[in-house]
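Reviewing the structure listed below.
The values are calculated or read from the model by the stated rules, or taken from the named source; none is laboratory data. What you see is a predicted model, and the numbers here were worked out from it, not measured in a lab. Here Cβ is always computed from backbone atoms with ideal geometry, including for glycine, and neighbour counts include all displayed protein chains. Only protein heavy atoms, including side chains, enter the accessible area calculation; ligands, DNA and RNA are left aside. Shrake-Rupley method; radii C 1.70, N 1.55, O 1.52, S 1.80 Å.
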Amino acid sequence: MDKISEKIKAARIAKGVTIEEVAEATLLSVKIIKDIEDGAFERFVGDELYVKMYLKKIARYLEIDETIADDYYAITREIKKADLQDLKNKKEDVGSATFVDKVKNIQPTKKPKPRKGVYEDHYILRYVKYAIVIIIVIAIIIVLGYSVVFTKSSDSSFKNSNTSKTETSETLKKKTTETKKKSTKSDTTKKEETSTEITFTKNADGDYSFKLPDGYDQETFKLKVDFTFATTVDLHVNGDPNSYQTDTFKKGVYSSNLGNISASDALKDDSACESVELEFNVNDFQYLEFSYSWNLGHRYYINDQKIPLEENDHYGTRSNGRVRTFKLTMVK
């Protein structure tokens, strides 16, 4: 590991660049560059694959052999294998205790103390009998109370049923009509509530379509994007070869302060990031396409409704060949 750190530091000094210049060129944080040059690889335990990508980016910029990244990954795998073998040897040492040692650890069983029977004290038995009698009396009182209440409620319901029979047919028709009107209103309200949802359809990894709700009467819709990882961003709308730029969006680097977080942190909804909001005309808009250098966990919202992306829509980088674009098409 020390040789890898020394080789990178020597190459940087030979090229005559600072750590800050390496960080800016590779979109990595200054802290990550310093840790790598200091050989502090223990801080990256569990993120070996990401460190391998970092080393390749640094080596490519410093114009040295990129196989140092593979060397680092091979060393970490050997260290893990050695740790597992040590743990296995410790378990075998514990299991090899002699029979004599096991016999020495056997403790004589203690005889349980005899318990005094409850009914040996006759005064306790007497109190138990009194308690049983009291419980029976209370139960009888409760049953009688319920029977009286039930009898009264039956009489009142019988009177109400006789009274209801005297209602005219016209009154019943009015009640039936009012009930139908209420049900019709409730059905209409439910339809209005469900029609406000935007529907999304996945066409392929990083490719989605959306349809605004029926009866949508606004001339525009809003698109919000959270860039959850340091990345360069470019946007094209309706097939225009020129980059789309407004007061709220410019082609360039976003969330540069998040270059050293892990992929799991990038996918969290509460991760700090830069956001942009765009507004498009409903009649003019057809589709758009974002292009990224790193596609890790970016989130998209249409009129504050989040697009339900899947795991395969993320994890795109320059080195792993996965999806590094996001296409959004409007269905009219």
**Study point:** Those residues of segment 41-57 which are hydrophobic (A, V, I, L, M, F, W, C), without any contact (Cβ under 8 Å) to a residue 40 or more places away in the chain and part of a helix (DSSP H, G or I), in sequence order
**Key:** PHE44, LEU49, VAL51
Point to revise | Number of the condition not met by LYS332 [criteria: (1) surrounded by 13 or more Cβ atoms within 10 Å (Cβ to Cβ); (2) over 22 Å from the mean Cα position of the chain (by Cα); (3) not aliphatic (A, V, I, L, M)] | key: (1)
Point to revise | Any strands (runs of 3 or more DSSP E) falling wholly within segment 180-257 and containing at least 1 residues that are at pLDDT 95 or above and open to solvent by 70 Å² or more (accessible area, probe 1.4 Å) | key: 199-204, 207-211, 220-227
Review point. What about LYS31, is it exposed (fewer than 15 other Cβ atoms within 10 Å of the Cβ) and either touching a Lys or Arg at 6+ places or on another chain (Cβ under 6 Å) or under 23 Å from LEU296 (Cα atoms) (or both)?
Key: yes
